[in-house]
Amino acid sequence: MKSIGGSRIGRAGACMLAVTAATPALAKIKPSVEAEVRLGYDANPFLQSGNDLASGYGAVSIRPKLSAATAKGEVALSGHYDRTEYFKNYDASNQYGAALEAQHAVSQKLNVFAALRYDHDVIGQDDNVVSAVPIDNTDINLLGSRAQVNTYAASAGFGLKVSPKDTVNVDGGYTATRYENGLRGSDNDNYGGRVAYQRAISPKTKIGVSGSVYKIDYDTPGLSTLVMQPSVTFSTELSPKWHFEGSLGISFSTIYLPIGPDRKDSGIAGDATLCHTGSRNKLCIFASRSVSGSGFGGSTRRSQAGVDFSQRLSEKLTLIAGGSYARSSSLGSTLPLREYVSAHVGLSDRIARNLTVGVRAQYRDVFGTSLPVGADYGGELYATLALPGPK
């Protein structure tokens, strides 16, 4: 098995330390924690094939955070732990992770940032494919496998305001993905960077160009993918309540195969987000198309779209709803086209300053699998305690 790329993560960690050290006289550390308990039912919790897959469950989540800020920057350390106890058919499931993030204004023109992250996830549990902005990149091809995956990520970059209207952004990162449950041959390393230029053509509108290059190396000897993507970017405030931003470009991919000739592929790539923020509601519509790695040892073109909506019905009662669609098509291998859909709706009631209770229901399904998979539908009751809570 490959290492987790210690040298690259080490360099990112050094950058993180440099950013932290450059932040003078940190303000008082602010601790916070959010805890949640849930009681619910799922018809097919992991989107597996077979019979008698339903189960009730009880779950607990905890999300602590420590942050410290000055007038020029902030450093934040956060974590999460989620445990689900199923009443039948399944053993307990654990998901957890942590992140260290820092950003600092070196001057009025230069901002730098760095981040380190680790996550341990169970693929297929919960709506962890497309659920909110930004779009999550869980591998659709592994839905139903109940595979466990460890992700180690490091990133860093800067934004430079070269003139009152012109900005240059540079960032780079490295992600190591390590699978458990017999999928170790699909471990991969993804690393690369992006350079972007943006110009304000009016107080509300910006246009620009960007170029990114990244490579995906697999644990299978001789298997890798190189992706280059030039794009144009655009963002604008359509009104005081509506905002749009997006990019459109072409991805050029070269798939290097262990046996046989290398393969080349190209296609449209980009992303778009349209959001409305009102006094009592919020609506976001989002979509993306990109090339990414797959846990089955190949690269895929992934298209995703979704919507999130919330409406405050009263001072304390809020309606939340959303839906998503995702599809994954293989590049240079025999993986079938796979599609995924989901929808959720719920009500939350803030019964105290730091205590919220609610109910939510969801539907999920996956198509294109070799064996038929029954849809997952279910619901849950939950209570969330946030300390110190909103002001």
Any idea how many residues of the range 186-229 are in a loop (DSSP other than H, G, I, E, B) and within 26 Å of Pro240 (Cβ to Cβ)? 4
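Among the candidates Leu319, Leu385, which residue alone is more than 21 Å from Asn281 (Cβ to Cβ), in a strand (DSSP E or B) and modelled with pLDDT of 95 or more?
Details: Leu319 fails: more than 21 Å from Asn281 (Cβ to Cβ).
None of the others qualify; the one that does is Leu385.
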Among (1) over 24 Å from the mean Cα position of the chain (by Cα); (2) of a type in the set (Val, Ile, Thr); (3) at pLDDT 95 or above, which single condition is Val112 missing? (1)
Taking the range 195-251 and keeping only residues that are surrounded by 15 or more Cβ atoms within 10 Å (Cβ to Cβ), within 23 Å of Thr167 (Cβ to Cβ) and among the hydroxyl-bearing types (Ser, Thr, Tyr), one is left with Tyr197, Ser210, Ser212, Tyr214, Ser231, Thr233, Ser235, Thr236, Ser247
Which condition number in (1) within 30 Å of Thr225 (Cα to Cα); (2) among the small types (Gly, Ala, Ser); (3) surrounded by 18 or more Cβ atoms within 10 Å (Cβ to Cβ) is the one that Gly358 fails? (1)
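Quick test for you: out of Ile268, Ile259, pick the one residue that is surrounded by fewer than 17 Cβ atoms within 10 Å (Cβ to Cβ), of a type in the set (A, V, I, L, M), without any contact (Cβ under 8 Å) to a residue 60 or more places away in the chain and not in a strand (DSSP E or B). Full working, then the answer.
Details: Ile268 fails: not in a strand (DSSP E or B).
Just a single option satisfies the conditions, and that option is Ile259.
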Among the numbered conditions (1) out of contact with any strand residue (DSSP E or B) (no Cβ under 7 Å at 6 or more places or on another chain); (2) modelled with pLDDT under 90; (3) closer than 22 Å to Leu142 by Cα, tell me where Ala21 comes up short. (3)
Tally the residues that are of a type outside the set (D, E, K, R) and within 23 Å of Tyr179 (Cα to Cα), restricting the search to the range 101-118. 3
Could you tell me how many of the residues in the range 338-369 are in contact with a Phe, Trp or Tyr (Cβ under 8 Å, 6 or more places away or on another chain), in contact (Cβ under 8 Å) with a residue 24 or more places away in the chain and not small (Gly, Ala, Ser)? 12
Test for Ser348: is it modelled with pLDDT of 85 or more, farther than 30 Å from Arg263 by Cβ and in contact with a strand residue (DSSP E or B) (Cβ under 7 Å, 6 or more places away or on another chain): yes
Would it be correct to say that Tyr197 is touching a Phe, Trp or Tyr at 6+ places or on another chain (Cβ under 7 Å) and not aliphatic (A, V, I, L, M)? no
Selection from the range 49-108 of residues surrounded by 15 or more Cβ atoms within 10 Å (Cβ to Cβ), of a type in the set (Lys, Arg) and part of a strand (DSSP E or B) yields Arg63, Lys65
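The values are calculated or read from the model by the stated rules, or taken from the named source; none is laboratory data. Nothing here was measured: the structure is a model prediction, and the numbers come from that model. With ideal geometry, Cβ positions are generated from the backbone for all residues, glycine too; neighbour counts draw on all protein chains shown.
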